[in-house]
Amino acid sequence: MNGIKYLLDTNIIIGVLKGNEQAVSLTRGMNLSVCAFSAITRIELLGFPDITEHEYQEISTLLSGMTHLTLTTAIEDETIRLRRKRRLKLPDAVIVSTASAYNLQLITLDKQLITDRKTT
């Protein structure tokens with residue numbers, strides 16, 4: 001899909017913005033042009049109740065360099081299947097399903113999601 005290789009989870013994007021060593025290490029050397037984010041990640045990041053205008057702009061700028069992957073019927077169907085099988089929280093299931101639907105490597109700090117992605 002247009003050179004996209006990675007789907008960045010919400011916690012990775014937050015980690016990069018806050019300078020989290022593990023998040024920075026996982027994304028070191030990645031060009032944003034080969035990264036994507038799920039619609040649910042955008043909602044989680046920008047819908048945070050206490051977000052400041054500066055944080056909103058910083059996140060929006062970072063996201064603008066990546067590909068925004070919207071929800072599709074295929075992602076919805078995979079999310080439904082995955083939630084019934086693994087009982088994941090809805091946002092996590094959408095993110096894993098998005099990575100699966102586009103055959104992207106999921107970059108996350110959540111070890112459970114990596115396991116679920118490999119066993120789906």
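The values are calculated or read from the model by the stated rules, or taken from the named source; none is laboratory data. Treat the numbers as computed from the prediction; the structure is a model and nothing was measured. Here Cβ is always computed from backbone atoms with ideal geometry, including for glycine, and neighbour counts include all displayed protein chains.
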Restricting the search to the range 103-113, which residues are over 18 Å from LEU45 (Cα atoms) and surrounded by fewer than 18 Cβ atoms within 10 Å (Cβ to Cβ)? ASN103, GLN105, LYS111, GLN112
Counting just the residues of the range 34-63 that are touching a strand residue (DSSP E or B) at 6+ places or on another chain (Cβ under 8 Å) and assigned to a helix (DSSP H, G or I), which one comes out farthest from LYS89 (Cα to Cα)? VAL34
Candidate set from the range 1-41 (those that are among the hydroxyl-bearing types (Ser, Thr, Tyr) and surrounded by 14 or more Cβ atoms within 10 Å (Cβ to Cβ)); member that is farthest from HIS68 (Cα to Cα): THR27
Checked ILE80, ILE59, ILE43 against criteria (hydrophobic (A, V, I, L, M, F, W, C), touching a helix residue (DSSP H, G or I) at 6+ places or on another chain (Cβ under 7 Å) and modelled with pLDDT of 95 or more); the one match is ILE59
Failed condition for ASN2, given (1) more than 15 Å from ASP110 (Cβ to Cβ); (2) in contact (Cβ under 8 Å) with a residue 60 or more places away in the chain; (3) assigned to a helix (DSSP H, G or I); (4) not aliphatic (A, V, I, L, M), with all others met? (3)
Identity of the residue in the range 67-102, outside any helix (DSSP H, G or I) and without any contact (Cβ under 8 Å) to a residue 60 or more places away in the chain, that ends up surrounded by the most Cβ atoms within 10 Å (Cβ to Cβ): LEU88
